[in-house]
Amino acid sequence: MKILVSDNLHRAGIRLLKKVADVEIATGLNEEELIEKIRDKDAILVRSATKVTANVIAAAKNLKVIGRAGIGVDNIDLKAATRRGIVVVNAPGASTITVAEHTIGLILSLARNIPFADASLKSGKWEKKKFLGKELKGKTLGVIGTGRIGSQVIKKAKAFEMNIIAYDPYVPEKLAKSLGIEIVTLNEIYKRSDFITVHVPLTDQTRHLIDRKAISKMKKGVCIINCARGGVVDEDALLDGLKSGKVGGAALDVFEKEPALENPLLKQKRFIATPHLGASTEEAQRYASTIACEEVIKVLQNKPALNVVNMPGLSAEAMESLGDYIGLANLLGGFCVQLLKGSITSIQVTYCGKLADDEGLNVLTNSIIKGLLSPILTGGVNLLNASVLAKNRGIKITESRREEVERFDNMIILDVKAGRYNIQVKGSVVGEEKRIVGIESYSVDLIPRGKMLLVKHEDRPGMIGKVATLLGENRINIGAMQVGRKKVGGTQLMVLNVDHEISEDVLSEIKDIKGVKKVQVVEL
Ligand code: NAD
């Protein structure tokens, strides 16, 4: 067997590869050179520099697997690989411990003024009194996001006898309890914490999670740490917080714009910056390399790999027949997760009509779960591992099939439970169009695309007009409208596709209309 390593990979992984194959190491190749090198190779190992394009994949006649020593696979043409039946594997979680340790390092640096005292002494001053620090013992640490890294930070902070509180609305109670700490609301985190550290992905929901309003709710002198993604903390708000003294110290490893050489925070007192070093350790590189190489070897030896990113296992025929339903399933998951609050506890999927006897329905269920979990988890949710990830989070998954179906020849009925809330959404592929045809027990016929406003209101004259007028007054254009009701004079569900952002103020105004019962926004 022949393997090409085309980026600088830690030698530990390469040693593993050499035990099973001939390994050629050639870095810094352009596309033409890569095409030449890859022709006879069974596998290629890359980090982020090598671009494994469709042209490269087309030339790689023997290629069975592409290994990425890291998490992101933007540099690999996944579609081209999948079409050719080439498995793509990666190494998520390789830097978990490293990032958690960096976070603890920054917390200690803030508590004991280490970088500030270092700079002062090196500038010729002996300012013992100025840098009076504080112990971590007994201080409250607020952890936002208790996934891989957040839970490791918790584990390490326990050793410092900190009082740890955490917020993660998507972690089931049982799993959260196993962390052995107090799970609280976001407001409690802000109100009670001496140190606040964020470990969430950057999503529409978490962008500027720590903003002016959040900072205003915090204790005076709070220290804020971000080793997650630039943008989770609003840097302007943080700068003002530091200037006013409301924020007693901050440490960022990640910035909204990187490299952050011109960032005004760099000139601010009691601010620590590291240049996106969170994952930069010899060990994290070693793990990324060994995990990716082990996965590549598993694929080459026909053993099940854990971190498969694509789904080349599905035959071309099955892929062809399920293509649109995979997209629909993903949309249904993405739609539901935005309507539910709290951690998902169970998912029930019913495949109806002509879908009932289709092969490969597990791919559809995984696509639903991918839609449900992708906005919550950091990368790595794919059509193969989605149900495993869901089960690891304590989510119960059940599938059933039903021959008969109302109105359509195919339908996916998705029931999702999150704590005491549950929602049912029905979807169908009509022609080549993916549609949502039922929400709870309301019949609708909705193209799930863009921004959607869902308003539940009393079924009486004038209600639709009031909402539409309010939107018009706020220059929000309505692209399409759907209404559904169970009985005349009961509750009606109105779904509007809108072309513009709906601000919190406009949402509150809609909620205040007499007869309006519930207002929600979904964006796909
Ligand atoms: P993860 O997917 O394991 O965990 C993320 C957690 O955030 C999940 O438990 C999820 O439920 C939770 N979450 C999602 N939305 C939330 C919200 N609105 N409020 C509260 N919790 C929410 O991810 P991870 O591997 O622990 O990574 C955490 C962060 O660290 C990510 O942003 C990742 O990109 C970043 N990261 C940074 C570096 C670095 O070099 N600094 C390296 C690796 C990862």
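The values are calculated or read from the model by the stated rules, or taken from the named source; none is laboratory data. If you're wondering where the values come from, they're calculated on a predicted model, not measured in any experiment. FYI the Cβ positions are ideal-geometry reconstructions off the backbone, even for glycines, and counts take in every protein chain you see. Side chains included, ligands, DNA and RNA excluded: accessible areas come from the protein's heavy atoms. Shrake-Rupley method; radii C 1.70, N 1.55, O 1.52, S 1.80 Å.
If the condition is being surrounded by 15 or more Cβ atoms within 10 Å (Cβ to Cβ) and over 24 Å from the mean Cα position of the chain (by Cα), then the stretch 159-181 contributes 160, 162, 163. Here residue 189 meets the list (1) more than 8 Å from the ligand (Cβ to nearest atom); (2) β-branched (Val, Ile, Thr); (3) assigned to a helix (DSSP H, G or I); (4) touching a helix residue (DSSP H, G or I) at 6+ places or on another chain (Cβ under 6 Å) almost entirely, failing just condition (4). Quick check on this structure: which one of 133, 124 is over 30 Å from residue 301 (Cβ atoms), assigned to a loop (DSSP other than H, G, I, E, B), open to solvent by less than 40 Å² (accessible area, probe 1.4 Å) and free of Cβ contacts under 8 Å to residues at least 24 places away in the same chain? That would be 133, the only listed residue that is over 30 Å from residue 301 (Cβ atoms), assigned to a loop (DSSP other than H, G, I, E, B), open to solvent by less than 40 Å² (accessible area, probe 1.4 Å) and free of Cβ contacts under 8 Å to residues at least 24 places away in the same chain.
In the set (1) in a helix (DSSP H, G or I); (2) more than 16 Å from the ligand (Cβ to nearest atom); (3) open to solvent by 30 Å² or more (accessible area, probe 1.4 Å), residue 304 fails one condition alone, (1).
I'm checking my understanding of the structure. Among residues of the stretch 69-98 that are part of a helix (DSSP H, G or I) and out of contact with any strand residue (DSSP E or B) (no Cβ under 7 Å at 6 or more places or on another chain), which one is surrounded by the most Cβ atoms within 10 Å (Cβ to Cβ)? Result: 98. Here residue 194 fulfils each of the conditions (1) farther than 28 Å from residue 419 by Cβ; (2) within 10 Å of the ligand (Cβ to nearest atom) apart from (2). From the list 124, 142, the one residue that fits, being away from the ligand (no atom under 16 Å from the Cβ) and among the small types (Gly, Ala, Ser), is 124.
So residue 475 ticks every box in (1) assigned to a strand (DSSP E or B); (2) in contact with a His (Cβ under 9 Å, 6 or more places away or on another chain) but one. Which box is left unticked? Going through (1) assigned to a strand (DSSP E or B); (2) in contact with a His (Cβ under 9 Å, 6 or more places away or on another chain) one by one, residue 475 breaks only (1).
Tallying residues that are among the β-branched types (Val, Ile, Thr) and either within 10 Å of the ligand (Cβ to nearest atom) or more than 23 Å from residue 111 (Cα to Cα) (or both) within the stretch 197-232 yields 5. Only one of the numbered conditions (1) in contact with a Ser or Thr (Cβ under 8 Å, 6 or more places away or on another chain); (2) not in a helix (DSSP H, G or I) is not met by residue 203, and that is (1).
The number of residues in the stretch 206-244 being assigned to a strand (DSSP E or B) and hydrophobic (A, V, I, L, M, F, W, C) comes to 6.
A single member of 137, 174, 130, 155 is within 25 Å of residue 209 (Cα to Cα), of a type in the set (D, E, K, R) and assigned by TED's automatic domain parsing to the domain that holds residue 198, and it is 155. Tell me yes or no: at least one residue of the stretch 268-276 is within 16 Å of the ligand (Cβ to nearest atom), in contact (Cβ under 8 Å) with a residue 60 or more places away in the chain and more than 16 Å from residue 100 (Cα to Cα). Yes: one or more hits.
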